[in-house]
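Input: a single structure, listed below in structure tokens.
The values are calculated or read from the model by the stated rules, or taken from the named source; none is laboratory data. Worth saying up front: this structure is predicted, and the values here are computed from it rather than measured. Positions of Cβ are generated from backbone atoms using ideal geometry, with glycine treated the same way; all protein chains shown enter the neighbour counts. Accessible surface is based on the protein model in full, side chains and every heavy atom, while ligands, DNA and RNA are left aside. Shrake-Rupley method; radii C 1.70, N 1.55, O 1.52, S 1.80 Å.
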Amino acid sequence: MSLSTDTIAAISTPAGPGAIGILRLSGPGAASIAEKCFKPLGRKGLREHKPRELVYGDLLDSGGQPIDRVLCTYSMGPSSYTGEDTAELQCHGSPMVLALGLEALFAAGARQAGAGEFTRRAFLNGRLDLAQAEAVGDLLSARSREGARHAAGQLAGALSRKIGDIYSALVDVMAHFHAVLDYPDEDIDPFRLEELDNALSNQEGELNALLASCGRGKLLREGVPCAIVGRPNAGKSSLLNAMLGWDRAIVTDIPGTTRDTVEERCELGGVPLRLIDTAGLRDTDDPVEKLGVERSRKAMEEAGLILVLIDASRPAGDEDFALLHEAVALAPTILVWTKGDLPAVPCPVKRYEEIGCPAVTVSAKVRDLDELCNEISCAFPQDLWGGYGEILTNARQEEAASRAREAVRRARGALRAGVTPDALLTDVEEALAALGELTGQAVREDVTDRIFSKFCVGK
Ligand code: GDP
């Protein structure tokens, strides 16, 4: 248990007016401070009610004047989010009420909580491990449904369990080497050697799979880079705006309006996307437009998905055909026939079909994107993201997992080379230490400081 002697308080809901605003307290004085600032409407005092009961009453300032009519609840540690005594005041979501309420809590003995301090206390009190605490941060900043579901899975312990399984298998291996060390005159029999090698190899495989999930974690966090390309006036900026649901890019019928790349995040067909609207691809002498065209090509090279737009209301040309060829060679590509609300001109469909990428029709004007949504879902099906929460989502986790894998690899190499058990033990212990860092069993204080400083105040 942590030894915090002080009680922290913060506004836990976002700034600005809202239906409800929450003031939160954690620490040994939580319930008594809440009691000083809150007067139930009934005859019973706050702590005469059961913990976790919602009690209706007045929030009072330090002079006893009412600030708001609120609901208050308290919990006793260790059965609380932080593991300490906590109290929560559910006020009306007025920034002024919350500011006055917070002042009242300070006057009654609480101090302002630092960024992430509630979750940090939960971690220090063993209510969450570090991977789960990081998942709280990911959950708050999730920008797609999939990202939120993965963070929720991680918070529920999916990653921690996976790491726990690897940890426990390695502890078994270590226990065996310790036994051998106790009887140094006996050789490890070949059958046992093979068994140990298999155990290490299995865990190396598990770590490989975990490390392979980093790419998916990055895509969930940052979105799949999706380049929107096509000839000038194909409808790229209009499609970007329609996908976003608001007018981000300038739309005109003057070719060459978008000269730089425009980036925005959205979610379509359940897939988190980082949309990159590019300058229209055409030969040009204008130096600024030329630079834009170069950036468009770069966006295609770095894309995880390319949408090649062709105006269905005009005859398609060789340039469109060449662009489609180029895109298909670089990344998964969808051919998007635009301006589906206008009469379509006949096109050499066969020529496009031969390229073999899926084709859809959209209308940005009437915001008909159904076919495109379906096709994007097919390109990135849900099972691609793996089991919810069983992925590494940040560089710290990746670095620790990769150190664990290297140590397991070294242990295997040493085992095969017939190195003495004590040297092998050092490698396995290193792997265990790295896994311990992942869940926070063994992690330096400056690392936890860095992690929690990224949280918002009140979490
Ligand atoms: P970009 O140069 O490829 O970015 O094309 P824009 O998005 O700027 O659009 C070029 C022109 O086509 C503009 O006049 C748009 O209003 C028009 N346009 C774009 N999408 C649609 C659509 O779905 N339907 C219709 N009727 N016009 C569209």
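Seen from residue 51, the other residues with C-beta closer than 12 Å to its C-beta sum to a net charge of -1, counting Lys and Arg as +1 and Asp and Glu as -1. Where in the stretch 89-117 does the label zone of residue 47 land, with the point 7 angstrom along Cα→C-beta and an amide N cut-off under 19 Å? The answer is 89, 105-111, whose backbone nitrogens lie closer than 19 Å to the label point.
The residues neighbouring residue 172, those whose beta-carbon lies less than 13 Å from its own, together hold a net charge of -1 under the Lys/Arg +1, Asp/Glu -1 convention. Between residue 294 and residue 194, residue separation times 0.36 nm minus the direct Cα-Cα distance comes to 30.4 nm.
Max-minus-min Cα coordinates of the chain on each principal axis give 81, 78, 36 Å, with the largest extent listed first. Taking all protein chains together, 426, 7 sort by accessible area into 426, 7, largest first [probe 1.4 Å].
Pairs of Cα atoms nearer than 8 Å and 6+ residues apart set the relative contact order; for the chain it is 17 percent.
Note: relative contact order over the stretch 8-127, using C-alpha pairs below 8 Å and six or more positions apart, is 33 percent. Summed over the residues of the chain and divided among them, the accessible surface reaches 48 Å² per residue at a probe radius of 1.4 Å.
Kindly state, to the nearest 0.05, the FRET efficiency for residue 301 paired with residue 76, given R0 = 51 Å and r defined as their beta-carbon distance. List each step's numbers first, then the result.
Numbers: r = 58 Å, r/R0 = 1.14.
Computed FRET efficiency for residue 301 and residue 76: 0.30.
Taking 0.36 nm per residue of sequence separation and removing the Cα-Cα distance, the residue 168/residue 209 pair yields an extension gain of 13.0 nm.
Working with all protein chains in place, sort 81, 74 by solvent-accessible area computed with a 1.4 Å probe, largest first. Before the final figure, lay out each step's value.
On the way: 81 70, 74 15 Å².
Correct descending sequence by accessible area is 81, 74.
Normalised by the number of residues in the stretch 359-437, the mean separation of alpha-carbon contacts (under 8 Å, six or more apart) gives a relative contact order of 24 percent.
Annotated for the chain: lysine pairs at least 8 residues apart or interchain, Cα distance under 25 Å, count 17. Of the DSSP H helices in the chain, those with a Cα length along their own long axis of 24 Å or more and a mean Kyte-Doolittle hydropathy reaching 0.0 comprise 158-182, 421-439.
Here residue 353 sits with roughly 130 square angstrom of accessible surface, probe radius 1.4 Å.
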